[in-house]
Amino acid sequence: MSIPTTEPTRFAGPPDPAFIDRATERSSPWEMVVSLVRYRELVRNLVLRDLRLKYRGSVLGFLWSMLNPIVMVAASTMAFKYILRVGQERYVFFVLLGVLAWSFFANSATMSTRSMIDSAGLLKSVKFPRAVLPVATVVFNLAQYVLTALILLPVMLIAYGEAPSWPMLGFPLVLALQVLFTVGLAMALSVATVFFRDIRHLVEVSISFLFWTTPVLYSLSQVDAPLRSVLQFSPMSPFVVSYQRIFHQGVWPEASTWLLAVAYAAASLAIGGLVFMALEDRVGEQL
């Protein structure tokens with residue numbers, strides 16, 4: 001009597017791209033975008049995990065995220081409005097717009113330098129697109145920014161008797177451009193810091209310098225023309241100025257501001273993506 005043998009099951013056709021480890025092969029920019037979309041649940045879970053960890057055991061919880069910009073706005077108002085006598089109408093509202101946008105950018109840039117290094121164990125044990133980590137860092141800070149803005153901006157509009165205006169509809173577009181700009185920067189910083197750890201310290205110093213070259217506490221109109229032409233090209237200037245124009249002044253940003261914001265977002269995303277794809281294959285060797 002013959003004994004039946006069991007042969008391994010054979011699957012016809014190419015493997016499902018959804019189950020290909022994108023971290024083990026060099027991909028094109030489009031494939032990177034597709035992989036991020038396929039792993040969107042992982043991005044969401046990482047963001048929710050970080051939010052829970054940040055506020056776990058805290059009595060005030062999310063209110064701490066609002067406290068920091070409120071304290072900064074209060075200190076800035078005391079120093080610039082009442083001590084230095086800066087002649088800016090509705091100064092508290094003006095500064096709040098810049099502080100919220102700046103905090104989102106600065107926190108994302110700073111945290112992105114640690115995103116891959118702090119997740120070394122996860123990168124070595126689980127297969128997933130490495131770009132998920134810097135993107136999740138940006139989305140984490142974006143969530144805090146949006147939640148804080150949804151509470152504080154209506155309060156400011158009511159406090160100053162401002163009615164909603166058509167230019168406010170441009171807020172999602174400006175925010176989308178800032179997100180793209182920040183994602184590109186975060187991708188470049190996250191992977192570059194794996195190879196050059198000093199980048200983390202360089203970013204901290206650069207963030208402090210860029211803050212004063214961005215019209216957060218002052219208006220560009222208050223700056224002399226020669227210096228104004230320089231400050232308007234500071235990386236965060238077109239985004240902060242756009243928020244101020246939309247909410248504080250109730251007008252659409254100038255065409256030059258839109259063009260600069262689009263150019264910065266496109267350049268940051270392109271350069272950040274290329275840098276990330278060029279270095280991601282060697283990340284495992286450095287961690």
- prompt: For residue 125, which of the numbered conditions (1) modelled with pLDDT under 95; (2) farther than 25 Å from residue 52 by Cβ; (3) of a type in the set (S, T, N, Q) fails to hold?
  reply: (2)
task: Return yes or no: is residue 143 surrounded by 21 or more Cβ atoms within 10 Å (Cβ to Cβ) and under 15 Å from residue 179 (Cα atoms)?
output: no
field: Where residue 129 falls short, out of the listed (1) surrounded by fewer than 19 Cβ atoms within 10 Å (Cβ to Cβ); (2) in a loop (DSSP other than H, G, I, E, B)
entry: (1)
task: Filter the range 150-172 for residues that are in a helix (DSSP H, G or I) and either touching a Phe, Trp or Tyr at 6+ places or on another chain (Cβ under 6 Å) or of a type in the set (S, T, N, Q) (or both) and give the result.
output: 156, 167
Complete set of residues in the range 40-49 that are farther than 13 Å from residue 134 by Cα and either surrounded by 14 or more Cβ atoms within 10 Å (Cβ to Cβ) or among the polar types (S, T, N, Q) (or both): 45
query: helices (runs of 4 or more DSSP H) wholly in the range 173-287 with at least 3 residues that are surrounded by 22 or more Cβ atoms within 10 Å (Cβ to Cβ) and either of a type in the set (Lys, Arg) or within 21 Å of the chain's Cα centre (by Cα) (or both) - which ones?
result: 237-243, 255-279
field: Per-region count, the range 159-171, residues exposed (fewer than 11 other Cβ atoms within 10 Å of the Cβ) and modelled with pLDDT of 90 or more
entry: 1
Close pairs (6 angstrom Cβ cut-off, 6 or more residues apart or separate chains): closer than 19 Å to residue 200 by Cβ in the range 115-134, of a type in the set (Ser, Thr, Tyr) and surrounded by 14 or more Cβ atoms within 10 Å (Cβ to Cβ) anywhere: 115/137; 115/190; 116/190; 133/115; 133/119; 134/112; 134/115; 134/190
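The values are calculated or read from the model by the stated rules, or taken from the named source; none is laboratory data. Only a predicted model underlies this, so the values are computations on that prediction, with no experimental measurement involved. Note: ideal-geometry Cβ built from the backbone for every residue, glycine included; neighbour counts use all protein chains shown.
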